[in-house]
Amino acid sequence: FFLLILHLLIVFLFSLFWQSGAVAISAFLFTAPIIMFYFGRISILSPLVNILVVEAVLPVMVLGFGVAAASLVFLPLAQILAYLAYVPALYFVKVVEIFAAVPFGQVEARKGSLLMVLVWYVVLLGMMGVWRRRKQISNF
C-alpha cells in the first residue's frame, strides 16, 4: 500500500515537473532574444527558477485580487487574505533571491542585433511548423 502511494506521488510530481518544465523552457526560448537584445545578458537558470516558482504564481494572483476586492468591502477579511498570500509570495521571492545570488547564473554578452532576434523567431516558427506538421501526419 505504501509503495503504491509513493509510486502515485512520484508519478504526480514528475508530471507536474514535466508540464512546468515545458512551459518554462518555451517561455525562455521566446523571451531570451528580446532580453538579450535590450539588456545584453541572459539568465541561464531562469527555466529552473520558473519551474520552481510557477505553482506559486496562481495563489499569489488570486489571493492578491481577493485582498484588493475585500479591502473595498471588509478590511479584516483583506488582512486575513493578505497573510495567506504572504506565504506563496515569500516563497517566490526567496527562490528568486537565492538563484539571483548564484555567480554563474547570468551570461553577459554584448547587446544583440535586431537581425539576430528576427532570425531567432523565424527559426522558432519554422521548428513549430515542422513539429505541428509531423504531429498531424502521425495522427493519421
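The values are calculated or read from the model by the stated rules, or taken from the named source; none is laboratory data. As the structure is a prediction and not an experimental result, all values here were calculated from the model. Glycine gets a Cβ as well: all are built from the backbone with ideal geometry, and neighbour counts include every protein chain shown. Heads up: the accessible areas ignore ligands, DNA and RNA and are worked out on the full protein's heavy atoms, side chains in. Shrake-Rupley method; radii C 1.70, N 1.55, O 1.52, S 1.80 Å.
Hey, any idea what % of the range 1-139's accessible area is carbon plus sulfur with a 1.4 Å probe? Mind showing how you got there, number by number?
Details: 8400 of 10750 Å².
The C+S portion of the solvent-accessible surface of the range 1-139 is 78 percent.
Per q in 0.16, 0.17 1/Å, what log10 I(q)/I(0) does a Debye calculation on the alpha-carbon atoms of the chain return?
Debye output, listed in q order: -1.04, -1.07.
Ordered by residue, what ³J(HN,Hα) values in Hz, to whole numbers, does the range 28-39 give under the Karplus form 6.51 cos²θ - 1.76 cosθ + 1.60, where θ = phi - 60° and Gly and Pro are x?
The phi angles translate into 4, 5, 8, 9, 4, x, 5, 4, 5, 4, 7, 10 Hz.
Per residue of the chain, what 222 nm ellipticity follows from adding -39500 (n - 2.57) for every DSSP H run with n ≥ 4, rounded to the nearest 500?
Working: 4 runs with 118 residues, N = 140.
Roughly -30500 deg cm²/dmol at 222 nm, from the helical runs in the chain.
Between residue 75 and residue 99, how high is the FRET efficiency from 1/(1 + (r/R0)^6) when r is the Cβ-Cβ distance and R₀ = 41 Å? Nearest 0.05. Provide the component values of the computation, followed by the final result.
Details: r = 36 Å, r/R0 = 0.87.
Result of the calculation: an efficiency of 0.70.
Place the peptides 14-24, 100-110 in order of packing, highest mean first, counting for every residue the other Cβ atoms within 10 Å and averaging per peptide.
Values: 14-24: 13.1, 100-110: 10.1.
Top of the packing list down: 14-24, 100-110.
Pick from 115, 90, 48: which residue has the top mean-square fluctuation in a GNM of the chain where Cα pairs under 10 Å get a spring?
115
Treating the beta-carbon of each Lys and Arg as +1 and of each Asp and Glu as -1, no other charges, what is the dipole magnitude of the range 30-140 about its Cα centre, to the nearest 20 debye? Present the calculation step by step, with values, prior to reporting the outcome.
Details: 8 positive and 3 negative charges, 117 e Å.
Using only the charged Cβ atoms, the result is roughly 560 debye.
Using a Gaussian network for the chain with springs between C-alpha atoms less than 10 Å apart, which of these wobbles most: 65, 30, 92?
65
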